[in-house]
Amino acid sequence: MMKLKNNLLLVLAALIWGVAFVAQSVGMEYVGPFTFNSVRFLIGGLVLIPCIFFLDRRERTGGEKKAPENKKMLLTGGICCGLCLTVASTLQQFGIMYTTVGKAGFITALYMIIVPVAGIFLGKKIALPIWVSVGLGVAGMYLLCITESFHVNFGDILVLLCSLCFAGHILVIDYFSPRADGVKMSCIQFFICGIICAVPMFLFEHPDLTVILNAWQPILYTGILSCGVAYTLQIVAQKGTNPVAASLLLSLESVFSVLAGWLILGQRMSVREILGCVLVFAGIILVQVPWKTGEKVKG
């Protein structure tokens, strides 16, 4: 039951990120990538502060005994997650400026492969059906996102590096989420992201408050829902969830972005895109089946 709950939370996070694609595109019409990221991550951190106070107060009034919190582990986890997220989100924002959205979505989703490959070197147990699920997911993403001729350019390289960082973010969360409070760790990572992005924001983009306020709708959506809610759901739900399965579930972000364009913006879906969605969902369903992993892989 707990596994199902965590999986549903990861799917919800992917849904929020998929719909947020429209908000991110609109926001970039007003402000630069560093300004957009800095403001939305700081908003995400601020949103979580009252949530933390509420949860702590409920625990105290509920009389539940809780193990002493490891503040060092919490701070370390928040900083590590924040650094990974800062680099990944920055590379993604700049990469989208130099490549097509479809290619960016496909290349970013390659963390589905990077996570299990990295897991092998970390001694993780990876069953053969999991690899089949990853293969179905990648094939589906290709059909879903690549509608033009594929050639590598500067933006593609940036997005590929972004995918590597998102894979690292998933693995870092996999390590720290069982050892620290998920909501507090998420709050720390957002402030780390916001503060780091603020430095190049003031150095290179010279943000104007009026312009930022003009982009208040996409910034608030990405700050409150995409950051404050979705990234926190990721950290909380990944606790006790296989990181490979988590990467597959989170990759639904690309599928939901296409579906959102169809439902909200009235964009038509081709047979190729529908087939891509079917393959991705098939991979997601397959990865939910319990399989024996055999002997531990030696790294």
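Numbers below:
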item	result
Qualifying residue in region 205-228 (condition: under 19 Å from the mean Cα position of the chain (by Cα) and farther than 30 Å from Leu55 by Cα)	no
Residue list for region 92-109, restricted to those being modelled with pLDDT of 75 or more and surrounded by fewer than 22 Cβ atoms within 10 Å (Cβ to Cβ)	Gln93, Phe94, Met97, Tyr98
Residue selected from region 55-87 under the condition of a type in the set (D, E, K, R) and open to solvent by less than 90 Å² (accessible area, probe 1.4 Å), by the criterion modelled with the highest pLDDT	Asp56
Residue selected from region 144-180 under the condition open to solvent by less than 40 Å² (accessible area, probe 1.4 Å) and of a type in the set (Asp, Glu), by the criterion modelled with the highest pLDDT	Asp174
So Ser257, is it out of contact with any Cys (no Cβ under 6 Å at 6 or more places or on another chain) and modelled with pLDDT of 80 or more	no
Candidate set: region 8-54, residues that are of a type in the set (S, T, N, Q) and crowded, with 19+ Cβ neighbours inside 10 Å; chosen: the one nearest to Ile96 (Cα to Cα)	Gln24
Residue in region 276-286 that is at pLDDT below 90, in contact with an Asp or Glu (Cβ under 8 Å, 6 or more places away or on another chain) and open to solvent by less than 40 Å² (accessible area, probe 1.4 Å) present	no
Failed item in (1) farther than 20 Å from Gly228 by Cβ; (2) aromatic (Phe, Trp, Tyr); (3) in a helix (DSSP H, G or I), with Phe53 passing the rest	(1)
Long-range neighbours under 9 Å by Cβ, at least six apart or interchain, first residue farther than 11 Å from Asp181 by Cβ and touching a residue at least 24 places away in the same chain (Cβ under 8 Å) within region 71-82, second open to solvent by 50 Å² or more (accessible area, probe 1.4 Å) and aromatic (Phe, Trp, Tyr)	Cys80/Tyr175; Gly82/Phe191
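The values are calculated or read from the model by the stated rules, or taken from the named source; none is laboratory data. None of these values were measured; they are calculated from a predicted model. A quick note on method: Cβ atoms are made from the backbone with ideal geometry, for glycine too, and the neighbour counts reach across all protein chains shown. To get the accessible areas, we keep the full protein, side chains included, count just its heavy atoms, and leave off ligands, DNA and RNA. Shrake-Rupley method; radii C 1.70, N 1.55, O 1.52, S 1.80 Å.
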